[in-house]
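Before any comments, here is the structure.
The values are calculated or read from the model by the stated rules, or taken from the named source; none is laboratory data. Only a predicted model underlies this, so the values are computations on that prediction, with no experimental measurement involved. Every residue, glycine among them, receives a Cβ derived from its backbone with ideal geometry; neighbour counts consider all protein chains shown.
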Amino acid sequence: MMRRFFDSPYAVVLVLAIVVAVLPLLLPSLFYLRVAALICIFALVVVGLNLLIGFAGQVSLGHAGFFGIGAYAVAIGPTHLGIPPWLALILGAIAAGVVAFLVGRPILRLRGHYLAVATLGMGLLFAMVFANESAWTGGPDGMPVPRLVLFGWRMSGPWTWYWIAGVTLVIGAWIAANVIASPTGRALRAIHDSETAAQVLGIDVARYKLIAFVLSAVYAAVAGAYLAMFDGLVTPEASGFLRSIEFVTMAVLGGLGSTLGGIVGAALLVLLPQLLTVFHDYEHIALGLVMIVVMIFVPAGIVPSLANLLGWRKS
Amino acid sequence: MLKVENVVCRYGRIEVLHGVSLEVGAGEIVSLIGSNGAGKTTLMRVISGILPMTGGRIVFDDEEIDRLPAHLRVVRGIAQVPEARQVFAPLSVNDNLLLGGFRRRAADVPRELDRVYALFPALAEKRGIAAGNLSGGQQQMLAMGRALMSGPRLLLLDEPSMGLAPVLVDQILDTVVALRKAGVTVLLVEQNVNAALAIADRAYVIETGRIVLSGPSATLADDPRVREAYLGL
């Protein structure tokens, strides 16, 4: 019964919706709510990235670039171009998709390490543009982001942003579940396993890799825009190299190829630094240690290993 | 049906096919035999489109297909069963087959699926099992069934007997004969020359990237050069 239930990608969406709805009742203060909102925002990136890395098997070390495009769209659009923030958010997501399409066509021909290095370069490029075009972006100091106003309501504070990010995460997970259950999802898994075999079955490998790349870029851009509006500030660090690594680490730690895994990975990497503050100066050492231990003892990632342990999943 | 003319192919700077020509007529089983490294698999990969060729022409049903990407050749009716099977190990048997029907209209898929399960009843019992957990013989059946899902008119079979017990080899080759009766044309690459010549109408012998002999299977089986080099007689 449990096994059946957890084999369906939609089950995860249902569980997620319940958790998102109930969580605020259990959190003792606004501080925790703020952390929960951050988890939802990062989880959104990882759910998208998981389609690319976990399902299509293509590594990207540059997704913070798309995160940055979303973040700067909601800063630059209203400040310099007079576009309302909600429209800037949508345009930012579209821009990230278009950039991913243009960049993805040539670089997705690369495989393995070569693809990783190419995406790494792409991410660095964005970070450099954001840091150097100071007339538009405020340079290394970043720039303020105007509040989102919807139907006359100013969106601010942890409560509002928790709900916005939480609901978006549920929708994002639902879209991902749809993709995974569709022929496109099957094609992505086939490409992951053997590009050659996928090709001789009539799968247009380049096209499906590109679909996953563009989708994951849009997820990252939306999350980037949310974080910028939530913080009220954006700096080039939003699209920095460490951010990209952080996204991949979340996906790997939680479990590649598992939507729930991505969310758990995001939660862990947002929570751990908060919890580890008890170690004061040794915080980063402790964080690294936790990651090493997880990779040694549960190399498949937390959620798939746990599911296996509890006998929810065959093979 | 398939006409390969003077095909040249190279891996980097090393030329492995030096102008290979062969022909497969509709309804035929044609075998391509040769030793390791002769270029058999390379030729198969060039025909299915996953390896680019550097010279020559490939014509399928009067249409030149050598510029078409691999996925569009599948639409034209060419399906390859790759060497060493290459089933998608983590995916279930059923998902592997559905992927084979990727280019079909959704309405045609269930009918084709039933047909493949009828052809390979052993697979029907294992639909939910991950393909990696099947035996070698079952994986070969799955690889063939997967290729058949695209409804091909020309099946490229690369070393179906590789690593299988003799009983299974016979079973697989019987299936090939049955497929031909059902109207599928087959180009078969085999190292098991005895078996290949037994079921094929015609055969080509390839050596270091060149066709050195060709003719009806019975004639080749009696040819002293073939007997000595490949049949060990």
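What number of residues within the range A:3-35 satisfy the criterion of being under 16 Å from A:L271 (Cβ atoms) and either modelled with pLDDT of 95 or more or among the polar types (S, T, N, Q) (or both)? Counting residues in the range A:3-35 that are under 16 Å from A:L271 (Cβ atoms) and either modelled with pLDDT of 95 or more or among the polar types (S, T, N, Q) (or both) gives 1. Set side by side, the residues A:V303, A:V270, A:V278 differ, and just one is in a helix (DSSP H, G or I), in contact with a Ser or Thr (Cβ under 6 Å, 6 or more places away or on another chain), more than 14 Å from A:L49 (Cβ to Cβ) and away from every other protein chain (no Cβ under 14 Å), which is A:V303. Remark: A:L150 falls outside the filter, which requires a residue to be more than 9 Å from chain B (Cβ to nearest Cβ) and buried (at least 17 other Cβ atoms within 10 Å of the Cβ).
The condition (being at negative phi and more than 14 Å from chain A (Cβ to nearest Cβ)) is satisfied by just one residue among B:A196, B:A147: B:A196. Counting only residues that are free of Cβ contacts under 8 Å to residues at least 40 places away in the same chain, touching a helix residue (DSSP H, G or I) at 6+ places or on another chain (Cβ under 8 Å) and either within 22 Å of A:S182 (Cβ to Cβ) or facing chain A (nearest Cβ under 7 Å) (or both), the range B:62-93 holds 3 of them.
Take the conditions (1) without any contact (Cβ under 8 Å) to a residue 24 or more places away in the chain; (2) not in a helix (DSSP H, G or I); A:Q199 misses just one of them, which is (2). Quick one: which of A:A187, A:A177 is closer than 21 Å to A:G257 by Cβ and within 14 Å of another protein chain (Cβ to nearest Cβ)? Sole residue among the options that is closer than 21 Å to A:G257 by Cβ and within 14 Å of another protein chain (Cβ to nearest Cβ): A:A187.
Considering the range B:144-199, the residues that are touching a strand residue (DSSP E or B) at 6+ places or on another chain (Cβ under 9 Å) and acidic (D, E) include one that is farthest from B:S35 (Cα to Cα), namely B:D158.
The set of residues in the range A:49-94 being of a type in the set (G, A, S), part of a loop (DSSP other than H, G, I, E, B) and touching a helix residue (DSSP H, G or I) at 6+ places or on another chain (Cβ under 6 Å) consists of A:A56, A:G57, A:S60, A:G62. When the range A:190-207 is filtered for residues that are facing chain B (nearest Cβ under 7 Å) and out of contact with any Gly (no Cβ under 7 Å at 6 or more places or on another chain), the ones remaining, listed by number, are A:A190, A:D193, A:S194, A:T196, A:A197, A:Q199, A:V200, A:G202, A:I203, A:D204. Within the range B:1-41, the only residue that satisfies the criterion of being of a type in the set (S, T, Y) and buried (at least 21 other Cβ atoms within 10 Å of the Cβ) is B:S31.
If I filter the range A:161-180 for residues that are part of a loop (DSSP other than H, G, I, E, B) and either in contact (Cβ under 8 Å) with a residue 40 or more places away in the chain or surrounded by fewer than 18 Cβ atoms within 10 Å (Cβ to Cβ) (or both), do I get at least one hit? No: zero hits. Here B:Y204 meets the list (1) within 12 Å of B:I33 (Cα to Cα); (2) surrounded by fewer than 21 Cβ atoms within 10 Å (Cβ to Cβ); (3) modelled with pLDDT of 95 or more almost entirely, failing just condition (2). Restricting the range B:94-104 to residues that are more than 7 Å from chain A (Cβ to nearest Cβ) and of a type outside the set (A, V, I, L, M, F, W, C) leaves a set whose member that is farthest from B:L155 (Cα to Cα) is B:N94.
Can you confirm whether the range A:104-116 contains a residue that is of a type outside the set (D, E, K, R) and under 29 Å from A:A37 (Cα atoms)? Within the range A:104-116, none of the residues are of a type outside the set (D, E, K, R) and under 29 Å from A:A37 (Cα atoms). A search for C-beta distances below 7 Å between a residue of the range A:281-310 that is closer than 18 Å to A:A267 by Cα and any residue that is among the hydroxyl-bearing types (S, T, Y) and in a helix (DSSP H, G or I), counting only pairs 6+ apart in sequence or on different chains, returns A:E283/A:T277; A:M291/A:T249; A:V298/A:S305. Among (1) touching a Ser or Thr at 6+ places or on another chain (Cβ under 7 Å); (2) modelled with pLDDT of 95 or more, which single condition is B:M149 missing? Result: B:M149 fails condition (1) only. Entry remark, the range B:169-212: residues being among the small types (G, A, S) and in contact with an Asp or Glu (Cβ under 6 Å, 6 or more places away or on another chain) number 1 in total. Against the conditions (1) in a strand (DSSP E or B); (2) closer than 16 Å to A:R186 by Cβ; (3) among the basic types (K, R), B:R103 satisfies every one except (1). Consider A:F297 carefully, then state whether it is aromatic (F, W, Y), at pLDDT below 85 and over 19 Å from A:A220 (Cβ atoms). The answer is no for A:F297. B:A122 meets each of the listed conditions (1) of a type in the set (A, V, I, L, M); (2) surrounded by 21 or more Cβ atoms within 10 Å (Cβ to Cβ); (3) away from chain A (no Cβ under 13 Å); (4) free of Cβ contacts under 8 Å to residues at least 24 places away in the same chain apart from (2). Checking B:S48, B:S31 one by one, the residue that is within 12 Å of another protein chain (Cβ to nearest Cβ), among the polar types (S, T, N, Q), touching a helix residue (DSSP H, G or I) at 6+ places or on another chain (Cβ under 8 Å) and under 21 Å from B:H18 (Cβ atoms) is B:S48 and no other.
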